[in-house]
Amino acid sequence: MSIVISPSILNSDFSDLRGELAKISGADYAHVDVMDNHFVPNLTMGLPVVEGIIKVTPVPVDAHLMIEDPDRWAPAYAEAGCASVTFHAEAATAPVKLARELRAKGARAGIALRPATPIEPLLDLLPEFDMILVMTVEPGFGGQSFIDGTLPKIARTREAISAANLDVWVQVDGGVSRSTIERAAEAGANVFVAGSAVYKAEDADAEVAALRQLAQE
Ligand code: DX5
Ligand code: ZN
């Protein structure tokens, strides 16, 4: 299982996105959190800013859309050149149709679950997705603490993927740091989003390397 590190730029310095992105050139992706103030009580950026990020980022963009009506808005993020586009299961009307559309536009298709959203209704549909994002905090803000109660869901998700012999990634997002990444990896996650852990570190790329090392052990 390949280990993928995707630092979230949510808590980076938005007055210098180019410089902040340059700090994570050793990561696999840049995780970009799009929030619309409706699906979550926070507002970050939309397509025009994401297009700007795509122009200057040293690594591919992993877009996490915390927005209502992703059926309508998500395809444009794939068209803009995001390598991966993840929308929330709670917000999508036709998730399989949307995932197929994202793939047709050349992006990896991800589906995200809030901590209290079960994976079970999706288990027969796993082949339709490239990634399942199990949120390990309530979406909306960086800097929250990892919810251990999500670990069994990560494990059930990974078991179902392995049992079906699929190559679907399991992403965790929220409170991922040196002290929690091993638990998430052990449960079966292979894609790790870390926001404050990476951007609060003195050397962001060294933190990415340290997290990668811990996840691999
Ligand atoms: C929260 C976002 C996360 C956030 C993670 O809703 O989806 O990507 O940036 O931040 P940390 O790693 O600080 O919990
Ligand atoms: Zn996120």
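Computed from the coordinates by the stated procedures, all read-outs in this text should not be read as laboratory data. The structure displayed is predicted, hence computed values, not measured ones. A quick note on method: Cβ atoms are made from the backbone with ideal geometry, for glycine too, and the neighbour counts reach across all protein chains shown.
A few remarks follow.
- Mean-position separation - Cα centroids, segment 27-91 and segment 167-211, in angstrom: 19 Å
- Taking N as the residue count of the chain, its C-alpha radius of gyration divided by 2.2 N^0.38 Å amounts to 0.92.
- Set of lysines with alpha-carbon distance to LYS200 below 24 Å, sequence-local pairs under 8 removed: LYS23
- Here the residues GLU51, GLU159, ranked from fewest to most Cβ neighbours within 10 Å of their Cβ, fall in the order GLU159, GLU51.
- When each of ILE111, ILE67 is scored by the number of other beta-carbon atoms lying within 10 Å, the sequence from fewest to most is ILE67, ILE111.
- Segment 11-129: relative contact order as a whole-number percent, Cα under 8 Å and 6+ apart: 19 percent
- Remark: the ALA155-LEU125 segment gains 9.1 nm on full extension, using 0.36 nm per residue and subtracting the alpha carbon distance.
- Ordered by the number of other Cβ atoms lying within 10 Å of each residue's own Cβ, fewest first, LYS153, LYS105, LYS200, LYS55 fall into the sequence LYS55, LYS200, LYS105, LYS153.
- For the chain, modelled as a GNM whose springs connect Cα atoms under 10 angstrom apart, the maximal fluctuation among ALA204, ALA164, ALA112 occurs at ALA164.
- Highest mean packing comes first when the peptides 93-103, 124-134 are listed by Cβ atoms within 10 Å, giving 124-134, 93-103.
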